[in-house]
Structure formats: structure tokens, C-alpha cells
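First up is the structure itself, then whatever we jot down about it.
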Amino acid sequence: MTVNGKKQNYQKKIFKKWELDFEIIGKTTDTKNLTLKYNNETVGEIPIDALASKAPLYDRKWSKIKLPEKKTSIKDLKKIKIEDALIKILSLPNQSNKSWVTEQYDQMVMTNTAERSGSDSAIIRIHNKDKAIAVSVDSSANYCKAHPYTGGKQIVCENWRNIVCSGATPIAITNCLNFGNPENSKVMGEFVECLKGIKEACEFLDYPVVSGNVSFYNGTNKKNIYPTPVIGGVGIIKDIENKMNLKLKKENNIILQIGKSFGHLSQSTLFEEVYSIFDGPPPDVNLLNEKNNGLAILKLINEKLISSVHDISSGGLMLALAEMSMSSDLGIKINKPQSLTNSMEYFFGEDQGRYIIELEPNQLEKIKKILEDNNIHNETVGIVQKDIFEIPGEFKINVNELQKINNQWYNNF
């Protein structure tokens, strides 16, 4: 805080307005020293260089992490029904409804919360303004463990997508980088490669890192944790009327998938949780597609062409559709493409850069024109209906039953 004139008085008024305690504890000087005073007497003086540019530097040895080979194909595994896989995934601790935790604290401070936790991003109104801030926090330790460079890119991109899904323009991130023992060359390699991926994604998406911290030496009994970078992103919604969430709005609306499905299952929720398979590379991250698709989604939102939107991430298309359905009490009649060679790859693959949008039928032609003009793959994946979530000929389940399944893990406590 400056200690000069009108600016100081203005800043004091801000703190007093919000009933925040504060004290002026110092001022900047040109001495290049940190000077400590008590009762106006100098009791300590430290050269700033010793705390900054001349602080000790470590040059840790690190090893490059190779992209792991794909060892397992879904074709080689025991067949499982789509419905059974969905129910298994919805029952998992990581995928279960966590509202029993989040609803135990105040999410509506000063009633400025426009979208509570449970959607892709929380949305907070800027007091006495038409603007709002979107906030999302993401991490994917399994992707980073398999290939830290790709995982670092992916987690930034997933955070970007979650902010976009709120109708906000992503503006900046903070990070919390959690790793094991850096004296281990492999762990140090995980750290270096993750940072390279994060840096590349942030630069391409114009999504700067404005703060953060690093936590090393995390582990138990000489076993290191997975590399776990946590990304917290914020974005600005210029008009609160344009805010968006994942809740389906109306029966007979069309559901489109934005971005192409290639059926990547290595490191997926399906492989890890249903088949207990942990090998293979994480899904590739195409930064050009990420940016192109995300900016197109923002255009559709700002032109008020879509009713809801959700990104496709952990669990693939099937879980994303189920989340939209459960959040709104509306069902979906899902299309199963006739040309599919493997339904599990299509519905549970975790290819990146994809979204689901809900739209009214009269907007379809205009939306497709915008997407095609931007060379963005899109396909109709379903229709909103009353209360049944189904793939005709495969399975049919009531949305209330899906919600019970999704709640059951935490309800056992």
C-alpha cells in the first residue's frame, strides 16, 4: 500500500467499508535494504539481494519422462454393458455428488453468488455491477503421472474449458504444484515436464499465471505422491445475463457435441475404475483445437444461441451427459451412431477439447454455420426428454435413479 496522499486515504476507506483490519507496516525505499525499525530505532538491516537475486539456487538432476506406450485395447477386455459401466462410474468417490460437503458452509455471502458449486464454474456477481467473476479449480494427477508434460497442458486446458462453460472469458490462473521428493531425479523430472506443459498451454491460450506456490517432499514411507498440479482459474462475464451452466432447460431441445471423439481410453476413468488398468498415455492435447473450440463456445453464448453447456472430461461423453441430466431432472435420448465399431471408446473416451451444448431446434442451422465457418467438428448426440436417460435398444433409466446412484457413496457416511 502506498503511504502518500489521497491514494492512501482511498485505500483506507476500502478496508473500512468492508470492516477489514489493516495497518500500514512500511514503505518502499531506494536503499536496496530491508530495514526493520522498533520505536523509530533501526534494529535490523538486510540486503534485499540476499533474499532475492542472490538467494541460493539448486540445480537438481532430473530425468525426462517418456510417453508410455499403449498396452491395452478395449477389444481385448471382457465386454461390459454401457449401463453397468455408467452406474459403476457414478458410484465412485471421485465422481459422486459432493453437495453434502459444499452445502455445509455459506455459498451465498452477501447474496452475490450467481452459480454455486456443482457446475463447471462458480459465478460471483461483482457488487452493484452487471459483471461477474467465474472461478474453477482443477487437477488430474493420473494424467500427470503417466506423462507430466501432456498432463500439465491438459489441466490448464480443462480449467480453461470450465471457465468458458460459465460464459466467462478466461483471464488468469493461480497454481498449487504438489510433488514428491525433488532429490529423486524422476520426481524432479515430473516437476520440470509439468511446468513445461503448463507454460506452453498458458502462453497459447493467453492465460497467464499471476500467483502460485510449490509444495515438495510430499509422500509417506519413501513413496512419493503422484505429480499433482492444481490450477485455479478466473474469468470475467461482462454481462451477468450471459452466464451459463450445465443444467438442461427444455424438453425436445437438441444436444450437440463440439469437437471430435477418437475414443482415447488409456488413463481414462473407465480403464482405471472399471477395469483396474493404469497403463498407456493420457489423451493428446491439441492447443489449436482447444482455443478454437473454446472461443466458438463463447461466441455462441454471447449471441444467446445456446441454452446450456458442459465440457467433456473425466468419464467421457457418457458421464458428461449424465451430469447434465442429473443437474436438471430432465432426461436425454442419446444417439448411438450406426457406424460405431466400439461403443465404449465413443461414450467413455476422454479426448480433449470437447463440449456439449443444448440448443433449441430453431437455432440449429445458425449454430452449425458458425461452427463450420470455424472448422469445428460437431454432431448431434441426443434430444432432451422428460425424465428418462437412455440409449434406445441399450438401456433406459429414470433420472431420479441416476441421482440416487450418484449420491449413494457419500450417503453411506
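The values are calculated or read from the model by the stated rules, or taken from the named source; none is laboratory data. Because the structure is predicted, anything quoted here is derived from the model rather than measured. Cβ: placed from backbone, ideal geometry, glycine included. Neighbour counts: every protein chain shown.
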Review point. Taking strands (runs of 3 or more DSSP E) that do not extend beyond the stretch 327-396, which have at least 1 residues that are among the hydroxyl-bearing types (Ser, Thr, Tyr) and touching an Asp or Glu at 6+ places or on another chain (Cβ under 9 Å)?
Key: 355-359
Review point. Would you pick out the residues in the stretch 282-295 that are surrounded by fewer than 22 Cβ atoms within 10 Å (Cβ to Cβ) and either within 16 Å of Leu205 (Cα to Cα) or modelled with pLDDT under 95 (or both)?
Key: Asn286, Leu287, Leu288, Asn289, Lys291, Asn292, Leu295
Point to revise | the stretch 136-148 residues that are in contact (Cβ under 8 Å) with a residue 40 or more places away in the chain and surrounded by fewer than 23 Cβ atoms within 10 Å (Cβ to Cβ), paired with ones that are among the aliphatic types (A, V, I, L, M) and part of a loop (DSSP other than H, G, I, E, B) (beta carbon under 8 Å, 6 or more apart) | key: Ala141/Ile225
Check your understanding: Name the pairs: first residue in the stretch 268-288 and in the same structural domain as Gly197 (by TED's automatic domain parsing), second residue surrounded by fewer than 19 Cβ atoms within 10 Å (Cβ to Cβ), Cβ to Cβ under 7 Å, at least 6 apart or on different chains?
Key -> none
Study note, to complete from the structure: The number of residues in the stretch 71-106 that are free of Cβ contacts under 8 Å to residues at least 12 places away in the same chain and closer than 22 Å to Glu323 by Cβ is 3
Review point. Being surrounded by 11 or more Cβ atoms within 10 Å (Cβ to Cβ), charged (D, E, K, R) and closer than 30 Å to Lys129 by Cβ, is that true of even one residue in the stretch 72-83?
Key: no
Practice item. Need at least 3 residues that are closer than 30 Å to Gln267 by Cα and modelled with pLDDT of 90 or more per element, so show me which helices (runs of 4 or more DSSP H) inside the stretch 1-92 make the cut, counting only ones lying wholly within it. Key: 82-90
Check your understanding: Of all residues in the stretch 210-226 being of a type in the set (S, T, N, Q) and not in a strand (DSSP E or B), which is surrounded by the fewest Cβ atoms within 10 Å (Cβ to Cβ)?
Key -> Asn221
Revision key, fill the gap. The condition of being over 20 Å from Cys144 (Cα atoms), out of contact with any helix residue (DSSP H, G or I) (no Cβ under 7 Å at 6 or more places or on another chain), outside any loop (DSSP other than H, G, I, E, B) and among the charged types (D, E, K, R) holds, among Glu241, Glu251, only for Glu241
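Quick check on Ile198: is it within 19 Å of Ser119 (Cβ to Cβ), in the same structural domain as Thr150 (by TED's automatic domain parsing) and either touching an Asp or Glu at 6+ places or on another chain (Cβ under 8 Å) or surrounded by 21 or more Cβ atoms within 10 Å (Cβ to Cβ) (or both)?
Details: within 19 Å of Ser119 (Cβ to Cβ): no; in the same structural domain as Thr150 (by TED's automatic domain parsing): yes; either touching an Asp or Glu at 6+ places or on another chain (Cβ under 8 Å) or surrounded by 21 or more Cβ atoms within 10 Å (Cβ to Cβ) (or both): yes.
Considered against the rule, which asks whether it is within 19 Å of Ser119 (Cβ to Cβ), in the same structural domain as Thr150 (by TED's automatic domain parsing) and either touching an Asp or Glu at 6+ places or on another chain (Cβ under 8 Å) or surrounded by 21 or more Cβ atoms within 10 Å (Cβ to Cβ) (or both), Ile198 comes out as no.
Within 19 Å of the chain's Cα centre (by Cα), among the aliphatic types (A, V, I, L, M), within 25 Å of Gly189 (Cα to Cα) and in a helix (DSSP H, G or I) - does that describe any residue in the stretch 286-294?
Taking the stretch 286-294 as the starting set, the residues that turn out to be within 19 Å of the chain's Cα centre (by Cα) are 286-294.
Checking which are among the aliphatic types (A, V, I, L, M) leaves us with 287-288.
Keeping just the survivors that are within 25 Å of Gly189 (Cα to Cα) gives 287.
Imposing the further condition that a residue be in a helix (DSSP H, G or I) reduces the set to 287.
Yes: one or more hits.
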Check your understanding: Counting only residues that are touching a strand residue (DSSP E or B) at 6+ places or on another chain (Cβ under 6 Å) and acidic (Asp, Glu), which one in the stretch 377-413 is surrounded by the most Cβ atoms within 10 Å (Cβ to Cβ)?
Key -> Glu390
Practice item. Restrict the check to the stretch 339-359 and report whether at least one residue is surrounded by 13 or more Cβ atoms within 10 Å (Cβ to Cβ), in the same structural domain as Leu402 (by TED's automatic domain parsing), acidic (Asp, Glu) and over 23 Å from the mean Cα position of the chain (by Cα). Key: no
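Take the residues in the stretch 175-209 that are of a type in the set (D, E, K, R) and in a loop (DSSP other than H, G, I, E, B); name whichever of them is farthest from Lys61 (Cα to Cα).
Of the residues in the stretch 175-209, the ones of a type in the set (D, E, K, R) are 183, 186, 190, 193, 196, 199-200, 203, 206.
Retained after the next criterion (residues that are in a loop (DSSP other than H, G, I, E, B)): 183, 206.
Values: Glu183: 8, Asp206: 31 Å.
The selected residue is Asp206.
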Revision key, fill the gap. Considering residues that are within 19 Å of Asn293 (Cα to Cα) and among the charged types (D, E, K, R), the number found within the stretch 201-225 is 2
Exercise for review: Tell me, please, whether a residue that is part of a loop (DSSP other than H, G, I, E, B), closer than 19 Å to Ser91 by Cα and of a type outside the set (A, V, I, L, M, F, W, C) can be found in the stretch 297-307.
Suggested key: no
